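Just so you know, all these numbers are worked out from the coordinates, no wet-lab data involved. The structure displayed is predicted, hence computed values, not measured ones. Ideal geometry is used to build each Cβ from the backbone, glycine not excepted, and the neighbour counts take in all protein chains shown.
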There are 2 protein chains.
Amino acid sequence: MRISALAAEAGVPLATVKFYLREGLLHPGVASSATQASYDGSHVRRLRLIRALIGSVGLSVQQVRAILQLVDDPGDDLYATLGRAVSALPPAVHEASGNDPYPRARAALEALGQIYDPHFPAVAQLEAALAAAEAAGMPISEERLLEYGRRLHEIAAFDLERMPPEPHAAVEYTVLGTALYEPVILALRRLAHQDVAAGRAVRP
Amino acid sequence: MRISALAAEAGVPLATVKFYLREGLLHPGVASSATQASYDGSHVRRLRLIRALIGSVGLSVQQVRAILQLVDDPGDDLYATLGRAVSALPPAVHEASGNDPYPRARAALEALGQIYDPHFPAVAQLEAALAAAEAAGMPISEERLLEYGRRLHEIAAFDLERMPPEPHAAVEYTVLGTALYEPVILALRRLAHQDVAAGRAVRP
C-alpha cells in the first residue's frame, strides 16, 4: 500500500507517519519508483505500537526508540531483554546504592518467597511505593502484602503463559501488556471496590 | 505541642505547615497565648495526609482541599462520599455522554457480573484503558478480563473488609488506599512477572 493508505489504516496523520520514518522509528517501505514506496502489514503493526507508546503511555520519541531497538533485536537472553524493555516504561525510578538500598522491598519479596534482585527497576519502584504508604501512616501490613502478592502472582503467571514464543512478539507483548494493561488493572480494582461497597450499602 | 514541634513530628518544613494553615488545609491549633497555639496528634495526622496527597500523589492544593472536605464532612451517604473522594484522584477522565457512552466498560462489567454505573468515574477510566489496548492491537480478551477481574475483586473485598467503620477514617483509608496502594500493586505485578519468568528461564 502507499503511504497515504498506511496512514489511514493505522489511524495516524500522514505528517506523523513521515516524521516516524525520518526519526527511524518506522522502517522504510520497499521503493516502487523513484518517489514512491510500498508499505505492508508490518508497518501498520509498528505504527500502532508507536502510537500506543507515545499517545497512550506518553513516552518520548527517545524512549520509544530504546524500546523498539529491543523489539527488533531481542538478543540471546530474552528475559534480560524483557526486563530492560519494561524498565524503559514509567515510572522513572532512582536507583539507590549502599549495603541494603531497598530494605522494604527486600523484606516484602522475602515474605512473598519471590526473587529479590536489587538491579531490577521494579524493586526501587516497590521500595518507593512502600515508603510513601509508610510515611502517610498507612504502611502495607504483612497480611495485605501476602493477599495482594498472591493474587498478583496469579495474574502474572497468567500473563506469562500467554506470552508469544517468538522473541520480537514477546518483547512487544511484554511492553504493551505492562503499559496498557496496568491502567485496566487499576480501573478494575476501583470498580470492584464500588461493586463490593454497593453490596454492603444495601444491607441493613 | 508548638508549631515547630508539629513540623518536626510530621517531617514537614515549618514554612509549609504555615502555608497549609493559611490555606485552611490544616485546622488551627488551640490558642495558648496571643501569639502561640498548641497542636496535637490530629494535626500530625492531617499533615501526613496532606503531604501524602501533595508529595506522593502529586495533587494540587485545590484537589487536596476537595478531598479534605469529604474527610471532614462525609455526610449521610458514606458510599457516595467514598466514590467522590476517589474520583478526585488521578487519572482525570473525560465524562462522555450519549446513548451508550462506555460500551467496552459496560460489556466488561456485564461479563464480570458487576454493577455498571456510567456516572462512576472509574467506568470512563476503564473505557479509556480498554480502548487504548484495542487500538494498539492488544485488546483485553474475555479470558483475561475474567482472570484479572476475579483476582482484583478478591483484593477489593479484602480492602473493604479492613475499612475502618468510623466515617472520617473510612474516607481517609479509601483515598490513601487508592492513591498509595495502586503503585504498590503495579510494582508487585512487575516483580511477579520477573519471578515467574526467572522460574521459566532456569528450565531447559
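Brief remarks follow.
- Hits in segment A:90-109 (condition: surrounded by fewer than 15 Cβ atoms within 10 Å (Cβ to Cβ) and of a type in the set (D, E, K, R)): A:E95, A:D100
- If the condition is being buried (at least 22 other Cβ atoms within 10 Å of the Cβ) and more than 22 Å from B:V86 (Cβ to Cβ), then segment B:123-138 contributes B:A133, B:A136.
- B:Y102 touching a residue at least 24 places away in the same chain (Cβ under 8 Å) and either aromatic (F, W, Y) or in contact with a strand residue (DSSP E or B) (Cβ under 6 Å, 6 or more places away or on another chain) (or both): yes
- Residue, surrounded by the most Cβ atoms within 10 Å (Cβ to Cβ), within segment A:62-81, restricted to residues that are of a type in the set (S, T, N, Q) and without any contact (Cβ under 8 Å) to a residue 40 or more places away in the chain: A:Q63
- Selection count where residues are of a type in the set (G, A, S), in a helix (DSSP H, G or I) and over 14 Å from the mean Cα position of the chain (by Cα), scope segment A:28-77: 2
- Tabulated pairs, segment B:43-61, first within 20 Å of B:G29 (Cα to Cα), second among the small types (G, A, S), C-beta under 6 angstrom, 6+ apart or interchain: B:V44/B:A10; B:L47/B:A10; B:R48/A:A136; B:R48/A:G137; B:R48/B:A10
- Lone qualifier among A:E154, A:E147, A:E172 - being on the phi < 0 side of the Ramachandran plot, more than 7 Å from chain B (Cβ to nearest Cβ) and part of a helix (DSSP H, G or I): A:E172
- Condition met for B:A124 (in contact (Cβ under 8 Å) with a residue 12 or more places away in the chain, of a type outside the set (K, R) and touching a Leu at 6+ places or on another chain (Cβ under 9 Å)): no
- Qualifying residue in segment B:176-191 (condition: more than 7 Å from chain A (Cβ to nearest Cβ) and surrounded by fewer than 16 Cβ atoms within 10 Å (Cβ to Cβ)): no
- Sub-8 Å Cβ pairs linking a first residue in segment B:163-186 that is under 30 Å from A:V123 (Cβ atoms) to a second residue that is aromatic (F, W, Y) and in a helix (DSSP H, G or I), at least 6 apart or interchain, are B:M163/B:Y173; B:Y181/A:Y148; B:V184/A:Y148; B:I185/A:Y148, ordered by first then second residue.
- Segment A:1-55 - residue that is under 23 Å from A:L70 (Cα atoms) and of a type in the set (S, T, Y) and, of those, surrounded by the most Cβ atoms within 10 Å (Cβ to Cβ): A:Y39
- Those residues of segment A:106-130 which are more than 8 Å from chain B (Cβ to nearest Cβ), over 14 Å from A:H153 (Cα atoms) and assigned to a loop (DSSP other than H, G, I, E, B), in sequence order: A:Y116, A:P118, A:H119
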